[in-house]
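A.B. asks: Below: one structure in structure tokens.
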Amino acid sequence: MCRRSMREHLDRRNHALEIMLFLGGLLGLALSRIDILAVILFAACYSILIYRTWLTESPAGLALCSIQSSLVLAFRFEYLTWGDPWFEYSMILKIMKSGLLTPAYYPDQQPALHALIAAASTYMHTEAMPLQKFLVPSFSAAGIISLYLLARDFFDDRIAITSGLLLSVGTAYIHWISQAATESLGIPIALIAFYISYRALGSTRYLPVALITISSLALTHHLTAMIFVVWINSFTIAYLLFVSENHKDALRALILSLFALAVPLMWWSIRLPSIYRLVIGTADRLIPAAIPGDPVAVIFIIIISIYVSLSLLEDRIVYIRSHAHRLQHLAAPVYYGLIAFTAIGAAFALNFLLGRSFFVLSYPLSFYTNGLMMIVLALIGLRGFMNTRGMPFLAWAGGVAVLFLGSILKLYYFEDPLRFIEFIYPSLAVIGAYGFVYLIQRSNAKAGATAMALMCLFSLVVAFPSTVFWGQEFPQSDPRYDARASIIYHPETEIMALDYLRGRAEGMLHTDRYVGYASLQLENITSDLSIDLLERKSTSAREKLDPDRFSGGIDFVLVRERMMRYAEFGEWLLKEKMPLRQDEIEKLERKTSRIYDNGEAWIYMG
């Protein structure tokens, strides 16, 4: 009765206040470019919006919260951030310049984001960068709502709204969603496809929409498409074992599973052979040597065998499940076993994330707080999933968690194991939501809403480097120090230096990786200038800036003031990053001509 009266009092159908808070928060972010204190306006509006959304359990409010958090970087900075979004921008420009999607002109071959933005820019007569910056992250709301609907179908509105809010500020999730990269589109589409696939398990009328949505993943992001195969199989197998009561569900699950695997493999074999070879090679190493045959055929046979067996044994499974209450005495040992497994896995992951494994990483302690908070909430909520209805969510989380642990233990090669974490967060958010609701169940609704608002605001602040919400970089002695603070954004002085080269230079441009990404656009505006985007595995990448190693043609070196403090010349995550040394700058001064200087960026020609 109390919750119902609260909803009626706040009038959840009237969203005028939510819209005002949403716009006020974005205004605060935009004004923070002028005065960083304006982020206080964002913090106030965002917190109140979270508070009201949790109280009213409003999906519309949830969508606005999701969009607002995803647009932090878009409104906070004038240009695209990090490095990957600039690569996407260069692919958009390639399509707009050539009008073709063939590999000869457009090498990426994941055209969903690039083609949509290029088409919108062309037909709307609008610059492509603003469309990419604002539209792509905003689409994340569709994924959040999909998770909300899934959690509501299994549990209730309170857990559903909490799940969506927790995911919207998950560090690994918001890192990619806010970038306007292919992952920013791929992860929401995967969540949409996941929810529709769940609905398709129980009704054939959802099957065509599910298959179409799954197909779009192959055109959006190759890693998301591959992880979706793990998502759908881990969840549906557990669903068939613990929830389903119709043998036709297994046949529909078989169609979904085969389709989710076959479509990406076909696309990669035709358009992205390097990805295809990597996937097949990994599968070949994981399949026991005792099983002969082509790895693709073996995988399909295994999938078909599993689902056909589950369909044939459906009656037996339902019968066994009806006696599951007799196994309740095992719930506690299994619960503590899962806690032990999680603790061990978390120890391995934390060791890896602290840079004590084979990756060289440098994150502030605050960066880990959201992940630790999610793990604690999930461990508390885990007991609520020790039943037949909760098992699909545990399997959903476990499937990707096993992949992550295997990669950091080097059981198989994966270029960046950190990328698995973003795909664990959706299931972790649902389990954690149960834990949060359990913790505040004896408090009144306003106390719970206040706790949720503070958690979300704190998680959002620590998810980004200090330049986002503090407006400055901090010395290494400060706990807020974050090496990424100087590379998340591209200042006006860097863009001015690139503009200087626009249309007037020909030759090869050498610089570090982050400026290199932003420089890629020049290849699609001035065909005479090539960008030396240093390869991650190159052992001599730094030496390419040495004038004695120039190609013999016309070479340019773009140096930013930031490179004296932090620079990446191909080390990526495997080696420690070393800034430019004074002797390297002096050599450039002696052996080349400085043709541009704006005080923070310099261009040398040799």
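The values are calculated or read from the model by the stated rules, or taken from the named source; none is laboratory data. Computed from a prediction, not measured in an experiment: that's the story for all the values here. In this analysis, Cβ positions are derived from the backbone assuming ideal geometry, glycine residues included, and neighbour counts consider all displayed protein chains. When the accessible area is computed, the model is the full protein with side chains, heavy atoms only, and any ligands, DNA or RNA have been set aside. Shrake-Rupley method; radii C 1.70, N 1.55, O 1.52, S 1.80 Å.
A.B. asks: If residue 152 satisfies all but one of (1) more than 30 Å from residue 437 (Cα to Cα); (2) open to solvent by 30 Å² or more (accessible area, probe 1.4 Å), what's the number of the condition it fails?
C.D. replies: Residue 152 satisfies every listed condition except (1).
A.B. asks: In segment 261-307, which residue that is open to solvent by 30 Å² or more (accessible area, probe 1.4 Å) and of a type in the set (Ser, Thr, Tyr) is farthest from residue 216 (Cα to Cα)?
C.D. replies: The qualifying residue farthest from residue 216 (Cα to Cα) is 305.
A.B. asks: If you check 179, 109, which single one turns out to be under 15 Å from the mean Cα position of the chain (by Cα), among the polar types (S, T, N, Q) and assigned to a loop (DSSP other than H, G, I, E, B)?
C.D. replies: Exactly one of 179, 109 is under 15 Å from the mean Cα position of the chain (by Cα), among the polar types (S, T, N, Q) and assigned to a loop (DSSP other than H, G, I, E, B), namely 179.
A.B. asks: Picking from 552, 570, which residue would you name as being in the same structural domain as residue 513 (by the TED database) and over 30 Å from residue 354 (Cα atoms)?
C.D. replies: 552
A.B. asks: Considering each residue of segment 412-452, count those that are over 15 Å from residue 378 (Cα atoms) and open to solvent by 10 Å² or more (accessible area, probe 1.4 Å), and give that number.
C.D. replies: Count: 16.
A.B. asks: Would you check which residues across segment 310-348 are open to solvent by 80 Å² or more (accessible area, probe 1.4 Å), assigned to a helix (DSSP H, G or I) and at pLDDT 85 or above and list them?
C.D. replies: Answer for segment 310-348, where residues must be open to solvent by 80 Å² or more (accessible area, probe 1.4 Å), assigned to a helix (DSSP H, G or I) and at pLDDT 85 or above: 312, 315, 316.
A.B. asks: Within segment 17-59, count every residue that is in contact with a helix residue (DSSP H, G or I) (Cβ under 6 Å, 6 or more places away or on another chain), open to solvent by 50 Å² or more (accessible area, probe 1.4 Å) and either in contact (Cβ under 8 Å) with a residue 12 or more places away in the chain or within 20 Å of residue 164 (Cα to Cα) (or both).
C.D. replies: 3
A.B. asks: List the helices (runs of 4 or more DSSP H) that sit entirely inside segment 422-521 and contain at least 3 residues that are over 30 Å from residue 61 (Cβ atoms) and hydrophobic (A, V, I, L, M, F, W, C).
C.D. replies: 492-501
A.B. asks: Return the residue satisfying two criteria in turn: it lies in segment 219-234 and is open to solvent by less than 20 Å² (accessible area, probe 1.4 Å) and more than 16 Å from the chain's Cα centre (by Cα), and of such residues it is nearest to residue 269 (Cα to Cα).
C.D. replies: Top of the filtered list is 229.
A.B. asks: Could I ask something else about it? Could you figure out which of (1) under 19 Å from residue 465 (Cα atoms); (2) open to solvent by 60 Å² or more (accessible area, probe 1.4 Å) isn't true of residue 69?
C.D. replies: (2)
A.B. asks: Do you know which residues across segment 246-260 are surrounded by fewer than 20 Cβ atoms within 10 Å (Cβ to Cβ) and farther than 17 Å from residue 226 by Cα?
C.D. replies: 246, 247, 248, 251
A.B. asks: Shifting gears a bit: I need every pair where a residue in segment 579-603 that is within 20 Å of residue 501 (Cβ to Cβ) has its Cβ under 6 Å from the Cβ of a residue that is in a helix (DSSP H, G or I) and open to solvent by 40 Å² or more (accessible area, probe 1.4 Å), sequence separation at least 6 or different chains.
C.D. replies: 580/564; 596/500; 598/496; 600/561
A.B. asks: Going through segment 562-583 one residue at a time, which ones are touching a helix residue (DSSP H, G or I) at 6+ places or on another chain (Cβ under 7 Å) and of a type in the set (Asp, Glu)?
C.D. replies: 568
A.B. asks: So, one more: Where the second residue is not aliphatic (A, V, I, L, M) and the first is open to solvent by 50 Å² or more (accessible area, probe 1.4 Å) and lies in segment 117-134, which pairs have Cβ atoms under 8 Å and are six or more apart or on separate chains?
C.D. replies: Listed by first residue and then by second, the contacts come to 127/121.
A.B. asks: Here's a follow-up. Could you run through segment 396-444 and say how many residues are closer than 23 Å to residue 241 by Cα and of a type in the set (Ser, Thr, Tyr)?
C.D. replies: 2
A.B. asks: If you don't mind, there's one more thing I want to ask. Of the numbered conditions (1) under 22 Å from residue 218 (Cα atoms); (2) of a type in the set (D, E, K, R); (3) open to solvent by 10 Å² or more (accessible area, probe 1.4 Å), residue 157 satisfies every one except a single condition; which is it?
C.D. replies: Unmet condition: (1).
Residue-wise test of (1) among the small types (Gly, Ala, Ser); (2) not in a helix (DSSP H, G or I).
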| site | (1), (2) |
| --- | --- |
| 548 | no, no |
| 551 | yes, yes |
| 556 | no, yes |
| 575 | no, yes |
| 580 | no, yes |
| 587 | no, no |
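Residues checked against (1) modelled with pLDDT of 95 or more; (2) assigned by the TED database to the domain that holds residue 425; (3) assigned to a helix (DSSP H, G or I); (4) closer than 24 Å to residue 198 by Cβ:
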site	(1), (2), (3), (4)
220	yes, yes, no, yes
245	no, yes, no, yes
252	yes, yes, yes, yes
258	yes, yes, yes, yes
261	yes, yes, yes, yes
275	no, yes, yes, no
